[in-house]
Structures are given as structure tokens and as C-alpha cells.
Amino acid sequence: MKPLLELRGVSKAFGGIEVFNDVSLTLEPGARLGILGPNGAGKSTMFNLISGLHRPTGGEMLYEGHNLGQMKPWNACRRGIGRTFQIPQPFGDMTVAENVIVGCTSGAGLSLHEARDRAHDILEMTGLGDHRDKLAKSLALLDLKRLELAKAAAMKPKLLLLDEIAGGLTEAECDTLLDILQKVVRRDTAVIWIEHVVHALTRFVDEVAVLADKQIVVRGQIDEVLENAEVRRLYFGAEAEV
Amino acid sequence: MTGDIMTSGSQKLPLAVLGLSVAVMVPLPFFVDNGTMRYLTDLFIIMSVAQLWNLLAGFGGVVSIGQHAFVGAGGYAFFGLTTHLGLNPFLSMALTLPFGALLSLPVFAILSRMRVAYFAIGSWVLAEVFMLVAGKLPGFGGGSGISLRPQIVKAFGASTSSRVENIYWLSFAILVLVIFLIILVMHSRRGYSLRAMRDNETAAMALGVNPNAVKAMLFVVSGAFLSLLGAVNTLQKLRVNPSGSFSLTDWTVFIIFMVVIGGMGRIIGPIIGAVLFVLLRENLSGYGPIYMIILGAAAIGMMLFEPGGIAVLVQRWKLKKAKTQELEEA
């Protein structure tokens, strides 16, 4: 199968500081990949690169064969790349429903009428139905995270980038979030999910990759990756010699 | 819905208010004298300019302090089309709309390369350039300006009183059209993109909004109507001159005052602000420079005390009253 997303030797530096060096990654349509890695490893930078908010300083990024490195964020979105932000970025002075409608109209190109219908469905699925007429800035954290997801899901992305949407949630809230994810993310949507909450990740993704020291150090089935010596070193420090 | 563009929750309210004011304002010339009508014509023109500035800055987050460039250019275009090209005065006035729209394209192309503060300063500098060019144009009276020919003015009414009436209706019609258009834009698909962009530009871009396209649309709409208003103003003043037609004070500084005092990002804001401004001007202008100091102090005070302007103060007061009433009933 032709890959949906292909990163070939991508690097990114801000001024003299390199955050990303020679990263390569391919993703098939409908694949679900989790990304682990310590803070500051460049995980969110990777999303900013894929969603067009940042330009890579080196390497090549292809999405459905198009050069993603030169694509503007709104074009990346219109071609089907949806994302959430680690720190929720609501349109504060718009209502919850209006926030989702933006995704349907600008992102998916729906008419206002169609957008209202879809927003209604997505809000019901994400459990935000009762909040639809509230201003987004008045929502609590869990609901803001749901709104991030609702906005991105509303545009029916081919590739969905989830940035730590389970962070800061209780275990019960995590369960709810996973239920919502199963409902709103269609089976043919490819997903890359950055997450520290490993138990949430394992219930959703097919495989994981670990981003550390500016590179992807390992990728594979989740159990294998967690057993990997390099990963154990990164997460738990060097193992004591007995 | 608290996120509405008027102060109140209902979306039907703006249209009801608009309808009511049409019913009152349209027959008014039959009951009041010429002086009052001239006064109201002035009010409608500045109110329209304030609405358009609010469309850019309040709704779109595009802060330009050079919008007087379009008012002036529209006035000069009207003069040139009628006097030099000999076109029909009504046609000339209508043509100032596409003229303003076309003119705003290169201006936006230059300004859109600049970020917030530079955009604002750049727009001011461009407006100054426009004014200087207008003063050098052959056939426009140089620095001291030139009067419209009587036959052009008379096309809008043979007698003074019929002219005053016609210009009154014209400026009121433009105001209604501008407000109606803004309501229409805000409730269109573009309106959603616009509000999203204003609230959070990065998130909006990631959700498919092209901020430059949205800003360009706002700029073109406001440029077109400002140019038309410049033509009406020229008809009202009977002449063009660089410092008056391109007046930074009249068409930008006072306008910003009105929008800030009245309430940015709400249709009712510039209406409140313009009425208040005209009242203050009438009552304080006898005091000379003190009047400007009072206006400035009022604007700064409002920005510090309630950046949402009077519109938000009124909204809050209403909420408080409703709550007290609820408590009393309970």
C-alpha cells in the first residue's frame, strides 16, 4: 500500500538549537501509531511540522505524495490532516458548537447547514451536547480536551494527530476519552497519538515509536518497545548491574 | 448565546433594531430642519466609518490606523470621475465602490507582509503617502484643494433643502447597508472563520482557515465602502482637499475613539460610540484643546476599566438587574 505520510531524514532547528535530527517515519492509511518520549524530545515539534505550522530545516515530508514541507497549515488541513493541541486552543469567544462548525466549514468545506448537522452529531458523540451553547472559554479542562478532539474529528481527517489528550485526566476520565475516541475516529483514519499515559495509548494504537535524543530510537509492537533496553534506560535510567 | 455580535442574546434583535431605526429615520426630513439633517448626515457617515473600522479591528483583529487613506481616495476619485472624466455623478459615486475595492488590493498586498504593530504603522505611513500624492495631482487644486462644480452638486438636488434631504437619505442608506452587510458576513461561513481567527489564529490555521484570505476580504469590503463614504463626504463638504479628505484625526483617530468607547467587536459598539462622540463634540468643542484631552482621557479610562466598552457595561448591568429580579422573586 502507498504510505499516507512519509518523513525522510527530516530535521528541524530553531536558530542554533536542533530539536529534530534525521527523523524518518512512514504511516499507512488507517494505521494507528503511538509516540512516546521524554519531555523536550521534539514530539510536539513533529506535529507542528506535519500540520504545516513549522517548516523543516532539512529532509523531505510527503503526504499522499504531495510535498508537505512547503504546504501551508490551512492547506494541510483541507487535504485531511487534523490535529489537537497539547494545551487546548479553543476559540474562546465562540460557543462550543461554533468551534466545531469552524472545523466543518473551513476544514471539511461543508456548507453552514451541513456543518450544523455534523457539529450536532460530533458534540453528542463527544459528550459536549449539553454545553453546545456555552462559550468555549468557560469550559473545564476535560471538556476543553473533548472540544479539541471534536474540532479535529469534525473535519473527517485522513490523518489525525492527537497531542497528549489524556494528560491530566483521571483513570475514569481516560476510560471515557477512549470510548469517545472509538466513536469519533473512523476506522480508515490514520492516527498518530503522542501520549505519556501509556495505559491509555495501548488500548488504542497498533504500534508505538519512541522519540528521544532528536530521533526515533525504536518502533514496533507496544510490548516489544517497552521491553527494549534503550527505552528502559530512557524512562527508568540505567539498569543496576547485579 | 453570549457570543452574539450585538449586546443581547437573540440574533433577531439586530434586525429588529435596524428595522425600527429605518422606520424612524427615513421620514425624518419631513419634520426637522436642514441643520439637524446635516448634523445627522455627519453622524451617519462617521458611524459607517466606525462600523467598518470595527469590522476590521473588532471582528477581524486587523488593526489599521490608515483607513483614512480610503476615505480620501474615494473623495478624490469621485471628484476626478465627475469633473475630469465628465461621468454622470450618480455613476461616479457608484464607481467609487469598485475603485476602493481595487485600491485596497495592492495596499493589502504590501501591508499583509507586516506583523501587528508594523501593519498599523505601515497603514498610517501609506495613508500619508496617499495624502501627499493627492496634493500633487494635477487638476485637484494642490495642497489647498478644489470645489466641486455646481452642476455636479445640483445633480443631487436642485435646491439646497432637497440636496440636504437626498444626501441624508443616501448616507443613511449606506449606514444600513454597511450594518446589514456586516451581520450577513458574520453569519456566513467566512464569519465563522473570521471569529475563529480573531480568537486564536494558530488554531484557526490548523483547522483550515487561511488568515490572509479572511483579512483580505475584510480589507476589500471596508476599502470599498470607505471610498464610497469619502465620495458622500465630498458631496457634503462640496470640495476635496488633502488635509480634510485624508484627515487622520477625523477618519481614524476619532473613529478609534468611538469604537473603543462603544465596544469593539459588537455592532452596537460603534453606534453608541458615534452618538456619544457627537454629543461630546457639541458640548465640549467650546473649550478648545481641553475637549481633545477629555476625549483622550475617556478612551484611556475605558480601555483600563472595561476594554469591552459601554456595550459590555450595559450587558453586565442588565445581567445584574436580571439576577436581582430573580432573587427578589425567589
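The values are calculated or read from the model by the stated rules, or taken from the named source; none is laboratory data. As the structure is a prediction and not an experimental result, all values here were calculated from the model. For neighbour counting, all protein chains shown are included, and Cβ atoms are generated from backbone atoms with ideal geometry for every residue, glycine included. Protein only, heavy atoms only, side chains kept; ligands, DNA and RNA dropped before computing areas. Shrake-Rupley method; radii C 1.70, N 1.55, O 1.52, S 1.80 Å.
Our coupling estimate for segment B:62-68, obtained by passing each phi through the Karplus curve with A = 6.51, B = -1.76, C = 1.60 and θ = phi - 60°, is 9, 8, 10, 10, x, 5, 4 Hz, Gly and Pro reported as x.
What does a probe at A:Q86 reach in segment A:148-165, counting residues whose amide N is under 18 Å from the point 7 Å along Cα→Cβ? Those under the cut-off are A:148-149, A:161-165.
Shielding by partners for peptide A:105-113, expressed as the average number of C-beta atoms from other protein chains within 10 Å of each residue's C-beta, is 4.
Evaluate the relative contact order of chain B (contact order divided by residue number), counting alpha-carbon pairs under 8 angstrom at least 6 apart; express in whole percent. Intermediate values should be presented prior to the final figure.
Numbers: 444 pairs, mean separation 100.1, N = 330.
30 percent.
Among B:204-211, B:181-188, sorting by the average number of other beta carbon atoms lying within 10 angstrom of each residue, highest first, gives B:204-211, B:181-188. Under 5 Å between amide hydrogens, built in the peptide plane, is the criterion, and for A:V23 it picks out A:G9, A:V10, A:S11 among residues at least 5 positions away or on other chains. Highest GNM mean-square fluctuation among A:A97, A:A13, A:A140, for chain A modelled with Cα contacts below 10 Å: A:A140. Only lysines eight or more places from B:K215 in sequence, or on another chain, were considered; those with a Cα closer than 18 Å are A:K72. 3J(HN,Hα) along segment B:145-161: x, 7, 8, 5, 5, x, 5, 5, 5, 5, 4, 8, x, 5, 9, 4, 5 Hz, from the Karplus curve 6.51 cos²θ - 1.76 cosθ + 1.60 with θ = phi - 60°, whole Hz, x for Gly and Pro. For segment A:137-242, lysine pairs with C-alpha atoms less than 18 angstrom apart, excluding pairs fewer than eight positions apart on the same chain, total 7. Principal-axis analysis of the Cα atoms of chain A puts helix A:171-184 at an angle of about 70° to the longest axis.
Model label sites at B:A117 and A:T57, defined 7 Å from Cα along the beta-carbon direction, differ in position by 2.7 nm.
As an exercise, identify the trypsin sites (Lys or Arg not before Pro) in segment A:161-242 lying in DSSP coil whose Cβ has no more than 13 other Cβ atoms within 10 Å. Write out the running numbers ahead of the final one.
Details: sites: A:K183, A:R186, A:R187, A:R203, A:K214, A:R219, A:R232, A:R233; in loops: A:R186, A:R187, A:R203, A:K214.
Answer by residue number: A:R186, A:R187, A:R203.
In chain A, what percent of the accessible surface is made up of carbon and sulfur (1.4 Å probe, ligands and nucleic acids excluded)? Don't skip to the answer; put the middle values down first.
Values: 4980 of 10350 Å².
Accessible surface attributable to carbon and sulfur in chain A totals 48 percent.
The mean number of Cβ atoms from other chains found within 10 Å of a Cβ in peptide A:84-96 is 4, as a whole number. Our note on the geometry: Cα centres of segment A:158-224 and segment A:28-70, 15 Å apart.
Rg ratio for the protein assembly as shown: its Cα radius of gyration over 2.2 N^0.38 Å, N being its residue count, equals 1.17.
Peptide B:107-116 has a mean shielding of 0, counted as Cβ atoms of other protein chains within 10 Å of each residue's Cβ. Expressed as a whole percent, the accessible surface of segment B:14-246 that belongs to carbon and sulfur atoms is 71, based on a 1.4 Å probe. Antiparallel beta bridges, as assigned by DSSP with both residues in segment A:65-218, represent about 35 percent of the total such bridges.
Over segment A:1-157, the fraction of Cα-Cα pairs per 10 Å bin, rounded to whole percents and listed from the shortest bin up, is 11, 35, 32, 19, 3.
At full extension, B:A109 and B:E128 could sit 5.1 nm farther apart than now, given 0.36 nm per residue minus the alpha carbon distance.
Take the Cα of A:R203, go 7 Å toward its beta carbon, and the backbone nitrogen atoms of segment A:156-179 under 14 Å from that spot belong to A:166-167, A:169-179. When exposed loop sites are taken as GluC sites (Glu not before Pro) in a DSSP loop with at most 13 other Cβ atoms within 10 Å, the longest stretch of chain A clear of them is A:1-238. Along chain B, counting only trypsin sites (Lys or Arg not before Pro) with a DSSP assignment other than H, G, I, E or B and at most 11 other Cβ atoms inside a 10 Å radius, the longest segment between sites is B:116-330.
Relative to the longest principal axis of the Cα atoms of chain B, the long axis of helix B:116-136 lies at roughly 20 degrees. Once backbone amide H atoms are built at 1.01 Å from N, B:R239 has B:L148 as its partners under 5 Å, excluding neighbours fewer than 5 places away on the same chain.
Percent relative contact order of chain A, based on C-alpha pairs within less than 8 angstrom and at least six residues apart? All intermediate terms of the calculation are to be shown ahead of the outcome.
Details: 456 pairs, mean separation 60.1, N = 242.
Computed value for chain A: 25 percent relative contact order.
Per-residue ellipticity at 222 nm from helix content only, as computed over chain B with -39500 (n - 2.57) for each DSSP H run of at least four residues, stands at -23500 deg cm²/dmol. Evaluate segment B:151-253: find the radius of gyration of its Cα atoms, find its Kirkwood radius, and give the ratio Rg to Rh. Taking Rh as the inverse mean 1/r over Cα pairs, Rg/Rh reads 1.13. Once Rh is set to the Kirkwood radius over Cα pairs, what Stokes-Einstein translational diffusion coefficient, in µm²/s, holds for segment B:14-246 at a temperature of 37 °C and a viscosity of 0.692 mPa s? D = 178 µm²/s. Springs join every pair of Cα atoms under 10 Å in this Gaussian network model of chain B, and among B:G269, B:G142, B:G58 the largest mean-square fluctuation is at B:G142. Between A:L178 and B:N283, what FRET efficiency follows from the Cβ-Cβ distance if R0 is 56 Å, with the result rounded to 0.05? Calculated transfer efficiency: 0.30.
With runs of 4+ DSSP H residues as the only contributors, calculate the mean residue ellipticity of chain A at 222 nm using -39,500 (n - 2.57) per run, divided by the residue total and rounded to the nearest 500.
Working: 9 runs with 82 residues, N = 242.
One gets -9500 deg cm²/dmol as the mean residue ellipticity at 222 nm.
In order along segment A:191-208, phi translates into HN-Hα couplings of 10, 10, 10, 8, 7, 8, 7, 4, 5, 6, 4, 4, 7, 10, 8, 8, 8, 10 Hz, rounded to whole numbers, per the Karplus curve 6.51 cos²θ - 1.76 cosθ + 1.60 with θ = phi - 60° and x for Gly and Pro.
Taking amide H positions as modeled 1.01 Å from N, with prolines and chain starts lacking one, the residues under 5 Å from A:R32 and 5 or more places away or on another chain are A:V191, A:D206, A:E207. Rounded to the nearest 100, the interface formed by chains B and A buries 2200 square angstrom of accessible surface, both chains summed, with a 1.4 Å probe.
Averaged per residue, what accessible area in Å² does segment B:14-246 show with a 1.4 Å probe, protein chains only?
Each residue of segment B:14-246 exposes 39 Å² on average to a 1.4 Å probe.
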